[in-house]
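K.L.:
I'd like to ask some things about the structure below.
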């Protein structure tokens, strides 16, 4: 299966280079990291408990917490740029994995729990880009959106009393089917910066669980409805632009090292 995916990717890349090796119609490969640093904390949930040494403790969200949740993405885009070289359109296919985190503590702050939920998604990004004669410098801003289809969900838990991190694969019932994000980005040469404002949490607000006393509840109702993720990465147009720019960079490095 993996071999067929690799062969298919090589075929698509080769075909796209041959057919769209032009200034106005070309493909782009984007790779990079996702940074979860601005997570809103969940609201108070009465059944958020933790068991330590046979005892149950009530947990409360820590509103002053700051945490970093890493992720990654890979995007394959088709670009159609207008001949005025100021405006272009892009649409593509993307895979990404990222997470949101929350910190909880007991009433006396004796125990603290860092909980992170990670989602993997297949997405369809689309946007309009604008810049002044942007093809040669690849310097432009862009705005658009992305439709995200959620594939799988995992959770990690780290308690302050232990160095171990527990990873749990969660049921797909806990996932919402899809969500949408508004995207705003800036690209210059090979470098890319993007912000995604995600509307609709990937955690299903309708998911119900049953507790030890027989009662039921919806644990993800208290999770934030919207959140922001930041991306940094590299952009590689699959045409003669990348090979020309790479040759210039390589030549400059050789001159410096002489």
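The values are calculated or read from the model by the stated rules, or taken from the named source; none is laboratory data. No experiment lies behind these values; they were computed from the predicted model shown. We place every Cβ from the backbone using ideal geometry, glycine too, and count neighbours over all the protein chains shown.
K.L.:
Residue 68 versus (1) under 25 Å from residue 128 (Cβ atoms); (2) at pLDDT 75 or above; (3) exposed (fewer than 13 other Cβ atoms within 10 Å of the Cβ): which is the lone unmet condition?
P.N.:
(1)
K.L.:
Among the listed residues 78, 27, which satisfies the condition of being crowded, with 18+ Cβ neighbours inside 10 Å, modelled with pLDDT of 90 or more and touching a helix residue (DSSP H, G or I) at 6+ places or on another chain (Cβ under 9 Å)?
P.N.:
Unique residue meeting the criteria: 27.
K.L.:
Please enumerate the residues belonging to the stretch 175-191 that are crowded, with 19+ Cβ neighbours inside 10 Å and over 14 Å from the mean Cα position of the chain (by Cα).
P.N.:
175, 187, listed by residue number.
K.L.:
Still on this structure, please answer the following. Which of (1) in contact with a strand residue (DSSP E or B) (Cβ under 8 Å, 6 or more places away or on another chain); (2) within 23 Å of residue 201 (Cα to Cα); (3) without any contact (Cβ under 8 Å) to a residue 60 or more places away in the chain is the odd one out, the single condition residue 141 does not satisfy?
P.N.:
Failed condition: (2).
K.L.:
Right, another one. State the number of residues belonging to the stretch 66-96 that are within 23 Å of residue 156 (Cα to Cα) and not in a strand (DSSP E or B).
P.N.:
Here the count works out to 3.
K.L.:
Scan 96, 53, 48 and give me the residue that is surrounded by 14 or more Cβ atoms within 10 Å (Cβ to Cβ) and modelled with pLDDT under 75.
P.N.:
One residue alone meets the criteria, 48.
K.L.:
Another question about this same structure. In the stretch 138-166, what count of residues is obtained for those that are within 19 Å of the chain's Cα centre (by Cα) and within 23 Å of residue 209 (Cα to Cα)?
P.N.:
Qualifying residue count, the stretch 138-166: 7.
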